[in-house]
Amino acid sequence: MASVDGYLEDGRVLVEASEATDQLQAKGDYGEPGYEGLKLDLHEAAYLVEEDRLVVRDADSQALVPVDKLVAEGTGRWEDFETQHLVYREYRSRGFVVHAREDRFLDGYERGADPAHASPSTLIAPRGEAEPGDPAHLREIVAEAEALGRQPLLAVVDEESDVTYYEIDHAHVTGEVPDAAEDVADEGEALLLRRRAILRQDPGLAEAGYGYESGGQRYLSLPEARHLAQAGLDLHGPEGDALDTEAVDQRTQAVNEEDAEPALAAYSWLRASDLVPKTGFKYGVNYRVYDDEPGESHAPYLVQALSEDEDTWTLRDLSGFVRLTHSVNKQGIVYSPEGGLMVQWTRP
């Protein structure tokens with residue numbers, strides 16, 4: 001398709017009506033048609049110039065406006081323009097129609113869809129690699145997409161201007177190992193040490209995936225001991241004194257030297273879904289999670305527990321977590337006390 005001329009004025013590019021502009025609108029859904037012609041936003045204009053389908057001139061001076069000037073114009077008007085434009089360009093190059101929005105999102109359409117007769121199917125969230133990746137920010141993306149009835153898609157632009165895509169959704173996961181804690185925990189007893197507990201009387205917790213047997217003793221992790229204590233397991237200290245969940249919390253905090261509540265809450269959340277959480281130490285995460293008896297299957301999930309607004313967790317951290325889960329053929333869940341989010345790498 002031959003290039004057409006457009007004129008930059010007040011953050012928009014006007015292309016006079018012609019057969020070529022009709023084709024731009026009909027075949028790519030570019031711009032807003034009007035009496036004077038086609039009005040392109042700066043994302044559309046920059047992309048079409050890059051594709052040699054548009055020549056832009058300044059409306060006053062008639063000087064040529066190259067791509068970098070268009071991007072600079074957009075960046076001067078909107079703080080996130082350059083990140084959005086890189087995602088816009090990449091998504092368009094894959095054959096999708098995508099429209100800019102006035103907020104930090106882009107509207108994406110199914111491949112081959114005609115926007116004149118179809119609604120956007122995807123809400124794309126362009127973000128830079130150093131931006132926050134905590135559960136609160138991820139949840140905002142999901143909530144915005146749900147409000148519009150669309151699928152959320154996180155598009156992260158790295159320092160080399162490459163774009164990586166992630167699917168985000170609520171983690172609706174269930175297993176096949178009913179939690180026996182409520183039924184039998186109050187019949188058991190455990191000795192609480194500094195970093196673990198030893199189960200003195202086991203009323204059937206081993207069958208539900210609790211603990212680890214070594215030297216004839218069944219050891220419980222601190223999250224297991226806390227969860228069972230909440231269900232009625234008797235805890236005692238080395239001197240025989242009765243202890244409660246607060247003692248477990250204190251030990252967990254001392255061992256981890258960080259906010260232990262998210263990991264403890266994640267354990268109970270997973271157990272409530274008939275899943276069996278075990279330590280994720282060898283993967284560098286909080287839990288590896290089984291949906292069947294641990295001895296009978298592999299763990300299909302890895303869980304990273306964070307506070308809802310964990311300010312040290314960026315999209316770089318999220319990328320590393322997702323890369324890990326993908327490399328070991330598991331699914332990744334980012335959990336906070338507000339709930340779990342499933343995050344997976346994808347290619348549109």
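The values are calculated or read from the model by the stated rules, or taken from the named source; none is laboratory data. Just so we're clear, the structure is a prediction, and the values are computed from it rather than from any experiment. Quick reminder, even Gly has a Cβ in these numbers, built from the backbone with ideal geometry, and neighbours come from all protein chains shown.
Below is a table of values for the structure above.
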{"quantity": "Residue within the range 48-68 that is surrounded by 14 or more Cβ atoms within 10 Å (Cβ to Cβ) and under 23 Å from Val156 (Cβ atoms) present", "calculated": "yes"}
{"quantity": "Any hit, the range 293-303, residues being touching a residue at least 60 places away in the same chain (Cβ under 8 Å), touching a Leu at 6+ places or on another chain (Cβ under 7 Å) and not assigned by TED's automatic domain parsing to the domain that holds Ala260", "calculated": "no"}
{"quantity": "Residue satisfying all of: in the range 330-348; of a type in the set (S, T, N, Q) and in contact with a strand residue (DSSP E or B) (Cβ under 6 Å, 6 or more places away or on another chain); surrounded by the most Cβ atoms within 10 Å (Cβ to Cβ) among these", "calculated": "Gln331"}
{"quantity": "Wholly within the range 1-52, strands (runs of 3 or more DSSP E) carrying at least 3 residues that are touching a residue at least 24 places away in the same chain (Cβ under 8 Å) and among the aliphatic types (A, V, I, L, M)", "calculated": "12-16"}
{"quantity": "Sole residue being in contact with a Pro (Cβ under 6 Å, 6 or more places away or on another chain), outside the structural domain of Leu154 (by TED's automatic domain parsing) and either buried (at least 23 other Cβ atoms within 10 Å of the Cβ) or not acidic (Asp, Glu) (or both), chosen from Ser307, Ser327", "calculated": "Ser307"}
{"quantity": "Matching residues, the range 14-49, being within 25 Å of Pro126 (Cα to Cα) and either among the hydroxyl-bearing types (Ser, Thr, Tyr) or over 35 Å from the mean Cα position of the chain (by Cα) (or both)", "calculated": "Tyr30, Tyr47"}
{"quantity": "Filter result (under 22 Å from the mean Cα position of the chain (by Cα) and part of a loop (DSSP other than H, G, I, E, B)) within the range 252-277", "calculated": "Asp259, Ala260, Ser273, Leu275"}
{"quantity": "Odd one out for Asp107 among (1) of a type in the set (Asp, Glu); (2) within 25 Å of Val142 (Cβ to Cβ); (3) surrounded by 20 or more Cβ atoms within 10 Å (Cβ to Cβ)", "calculated": "(3)"}
{"quantity": "Flag for Gly76 being within 17 Å of Glu102 (Cβ to Cβ) and surrounded by 16 or more Cβ atoms within 10 Å (Cβ to Cβ)", "calculated": "no"}
{"quantity": "Verdict on Val156 being more than 14 Å from the chain's Cα centre (by Cα) and closer than 16 Å to Val343 by Cα", "calculated": "no"}
{"quantity": "Leading residue by the ranking (nearest to Glu131 (Cα to Cα)) among those in the range 68-86 that are in contact with a Phe, Trp or Tyr (Cβ under 9 Å, 6 or more places away or on another chain) and of a type in the set (Val, Ile, Thr)", "calculated": "Thr75"}
{"quantity": "Strands (runs of 3 or more DSSP E) wholly inside the range 166-217 containing at least 3 residues that are surrounded by fewer than 18 Cβ atoms within 10 Å (Cβ to Cβ) and of a type outside the set (Gly, Ala, Ser)", "calculated": "196-201"}
